[in-house]
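For reference, the structure discussed in these notes is given below.
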Amino acid sequence: MKKTLLAFIFLVITSINYAQVTTSPTTFNTSETVTITVDILSSDTDCNTLSNPTKVYMHSGIGDDSNPWGYNVIGNWGTDDGVGEMTNNNNGTWSITITPKTYYGLTDTQAASATKMGMVFRNAAGNQELKATGCSDLFISVGDFQVTLNTPEENSTTILSSGENLNISASNTAGNANYTLTANGSILDSKTDIKTYSFTHTNITSNQNYELTITQNSNTVTKTFAALVNPGTISQAMADGLENGINYHESDATIATLVLDAPLKDFVYVAGSFNNWSPSSAYAMKKDPNSGMFWLELTGLTAQNIETYQYWVVDETPITNTPIMVKTADPFSTLVLSPFDDPEISSETYPNLPDYPTGQEREVTVLQTGMSEYDWQVTNFEKPKKEDLVIYEVLIRDFDADRNIQDLIDRIDYFKNLNVNAIQLMPIMEFEGNESWGYNTSFHMALDKFYGTENKVKEFIDVCHQNGIAVILDVALNHAYGRNPMVRMWMEDPDGDGWGDPSSENPYFNTEATHSYSVGSDFNHQQTRTQYYVERVVEHWITDFNIDGFRWDLTKGFTQNCTASDENCTNSYQQDRVDILKQYADYSWDLDATQYVIFEHLGQDNEEQEWANYKIDEGKGIMMWGKMTDPYNQLTMGYASDSNFERMGSDAHGFTGKRLVGYAESHDEERLMYKNLQYGASSGSYNVKDLTTALQRMETLGAITLTIPGPKMIWHFGDLGMDNSIFTCTDGSVSSDDSCKLSTKPQPQWTENWLGNESRTAVYNTWSRLNELKINEDVFEGDYTITSGDLTPRIRIWNSDLASTELNDVVIVANFDTTIQTVEPDFPSTGTWYDLMDETGKTSISSTDAITLEPGTFKIYGNTMPQSLGLDDTLLGETFTVYPNPSRHSFQINTNTSNVSIFDVTGKRIKQFKGHYTSTDTFDVSELKPGLYIVHILNSEGQQHASKLLKI
């Protein structure tokens, strides 16, 4: 059913006469009124779920023979809004009367060329529908002049042995006409003034693309079909070292070898720009006798010339409801062109986007030999420690006005000044449509062009690395969507429209999901081919893009043990899931031992422990998402019930290391600020529903989330108090259901200049300071206790490995009540405790003092002030010397030190050396980009000094 992407789907129409749908008059033009009637009682019960509906809607479109939905679609599925509503005739039939040109808003050109209408009938809620027998969409013809291609079927491909004949016949409804048949662009036969046409093309030895053009007066209709000759696949061993996809020759840019794994298929042609999309037997792929792989070496290519191609994959004896031939892009494409999505991609985002080849359908793969590699400025990026990670989750589409990766590059200071040290991009792999969340991925190795070019994405990663920020990719490898070649090559396609679900022969996908959270087509991760594909995807983004890690979406789906209806099974421990995800983690670490591996899982502790504690003694361990939205939102709204956030820390999950990516907000949860403003508590003049008040409480939220030891995550613009509901529609309204959850969101953060709003920037600045402390101070890698469950939570964090002269103990207290509260901080030691949010170090209290907190505020105290970043010039260069200065590669210090930190001019620590160093030791800074830095040292007596360093 064409609920989405209706205007882009090419259809194969095999029948247009349906007993359950009639028109009055029988034939009609687009400018004439027609009544369409559907009989819901006499329809195929398998494809008719309408049961005593109180209303029936016609969801319909109009176009030409190749795409009956192509010109326009009318109807809003699941909405009882009157658009397409039919009249009850009280006899089991329902009718609607329209004038197609007016109803569909057609231009004169569209009205003149429209030949087909597509339709599905539904109830008001959209949970019941009526379709044609076989459960395909219904189609009716438009226009007085109708032509039927009797043999072969329209838009079909007939497989022939070399030398066979093809019989062709057609007829029309309006009397004698002229018929002209062309094959591969040349006239093969012509007959005039006849009603019924027949012709036999004999002794066919090469592939043929046919057009039968029928003309009567001013009316012209063209029918297309094809014949493909079985080339007789040659068995020949392929060269060693070749992989699925494009294999570029190391030294010869005129050669590339294509490899396709297509079990159960009889033969494959490669059609492309290099053979004018009319492949001869020279472009039939050979078959390796050992691996069963199809392969073909392309020669005569021109370096840097853009070529495009598809595989024409043939099964001469397909199982029921599966196609004989599928035209598909390469499953391992790194760049694809799409007839559906590319027209909407701007030249600013993707300059010089190659043209989609005329006359083709569905995605094609881009091949380009002799391309130079991206010139990376940072080749030895040192990833932040897992324990120190502050991850900023970003949906590029909704980050800024251009909705592309350049927006993030232009605002790199936004991230840097917030002191985040990792950016996690929601999926950027080629997905269906353009303005998407990206989880409907079709090509996992290809960049979605809506966000920019490959080099622009690499530039973003490079810029992040130059600023000490890691880049993590969200990847959806639980599933793939219908445009994926591995779905389409082995699919059930009963209605012949070129789309379908995996068949029983599919070597990658399950026919039914083996978990209860299914979307798209469900990968079978016990299949070795699936495992190979996943590992190739991982390798591509790590080796070609220098990605620092992956967040694996929907990891619950990686089991083969459950069913779509058994949520208890899906959420319980599954050994096969544990094992395969460890395998994928190991593969990542084999490529790069410092890779971040993050699972969304959100499952049972006993299963997550296996991953979080896996190889922890090697400094690895898999990080797990830790959702704490509900208890934190209770606090920000001002309610004590259900506000225990103990599980924000790794210890509560039984993790040996700090591997919980805790968060209060993510892309999948309602915005805290939205609920604050909708449902916040109040007392007297203090009202959480007030914007300024709610924003202040978000500052305090940061204090009891970001500081807890272990990696943490911020969902974009939570740091500015984003208050758009997750269900905000494109026009700014909020849907009453979840229909707008995935909608493109407005961007008030820029259009309303939130950076100029004092209350919003207060959240940003507070979180920036908290991030600075978390990342730079080792105490936040230590132990902790959380006391929560009421409106005055307390957190203590300490690190026993640190000297008493260092910041080694921190106490955080907060008041989420709507009234002033006095709290006992229960400091663990006597003496003076310092307010860590006061960078001057001048604010302190005695350990015996109680703390009075205004509603919605917090305090964070330490046993001493952290290493100062704003040192007076009187300290610089007096006590110790950094040499050589300027320095190109390394420097030394003329005294013993135990801790050397290097800060950039914004005060962000970008490198640290810890140990026992003497004046003979050197400190490597070769990876730092040229500029001015501050070198800060701490000796064993706790004395601190600083000096400027010029890196050249």
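Measuring from each cysteine beta-carbon in the chain, the ones with no other cysteine beta-carbon under 4.7 angstrom are CYS464. Just to be sure I follow: if Rg is taken over the C-alpha atoms of region 6-141 and Rh is the Kirkwood radius over the same atoms, what is Rg/Rh? Over the Cα atoms of region 6-141, Rg/Rh equals 0.93.
The alpha carbon convex hull volume per residue for the chain rounds to 186 Å³.
At q = 0.09, 0.12 Å⁻¹ the log10 of I(q)/I(0) for region 247-398 amounts to -0.42, -0.68, computed by Debye summation with a single uniform scatterer per C-alpha, solvent ignored. Reported to the nearest whole Å, the Cα centre-to-centre distance from region 465-479 to region 228-298 is 33.
Separation of region 487-547 and region 801-826, taken as the distance between their Cα centroids, equals 50 angstrom. Computed from Cα atoms alone, the Kirkwood hydrodynamic radius reported for region 410-452 is 11.7 Å. Size descriptor for region 706-843, Kirkwood hydrodynamic radius: 18.0 Å (Cα pairs only, one decimal).
Taking other Cβ atoms within 10 Å as a rough exposure proxy, SER725, SER24 sort from fewest to most as SER24, SER725. Restricted to Cα atoms, region 94-196 shows a radius of gyration and a Dmax of 18.6, 55 angstrom.
When the alpha carbon coordinates of region 597-728 are projected onto the principal axes, the ranges are 54, 28, 22 Å, largest first.
Remark: PHE923, PHE717, PHE550 ranked as PHE923, PHE550, PHE717, counting other beta-carbon atoms within 10 Å and listing the fewest first. For region 28-86 versus region 696-751, the spacing of their alpha-carbon centroids is 39 Å. In region 147-229, the alpha-carbon atoms span a convex hull of 74 Å³ per residue. Per-residue Karplus couplings for region 482-492, computed as 6.51 cos²θ - 1.76 cosθ + 1.60 with θ equal to phi - 60°, are listed in order as x, 7, 4, x, 6, 6, 6, 5, 10, 10, 7 Hz, Gly and Pro entered as x.
About its Cα centre, the dipole of region 774-862 is roughly 160 debye, where the only charges are +1 on Lys and Arg Cβ and -1 on Asp and Glu Cβ. Here HIS479, HIS945 are placed in order of increasing Cβ neighbour count within 10 Å, fewest first, which gives HIS945, HIS479. The charge dipole of the chain, taken about the Cα centre with unit charges on the Cβ atoms of Lys, Arg (+1) and Asp, Glu (-1), comes to about 740 debye, rounded to the nearest 20. Over 20 Å apart at the Cα level, from the set LYS675/LYS859; LYS116/LYS223; LYS458/LYS911; LYS386/LYS951; LYS658/LYS712, are LYS675/LYS859; LYS458/LYS911; LYS386/LYS951. Pairs of Cα atoms nearer than 8 Å and 6+ residues apart set the relative contact order; for the chain it is 6 percent. Taking only the alpha carbons of region 774-862, we obtain Rg and Dmax values of 13.0, 39 Å in that order.
Over region 671-739, the fraction of Cα-Cα pairs per 5 Å bin, rounded to whole percents and listed from the shortest bin up, is 3, 15, 22, 21, 17, 13, 7, 2.
Rule-based calculations on the coordinates, nothing more; no lab input. Quantities reported herein were computed from a predicted structural model and do not represent experimental measurements. Methodologically, a virtual Cβ is constructed for each residue, glycine included, from the backbone with ideal geometry; neighbour enumeration extends over all protein chains shown.
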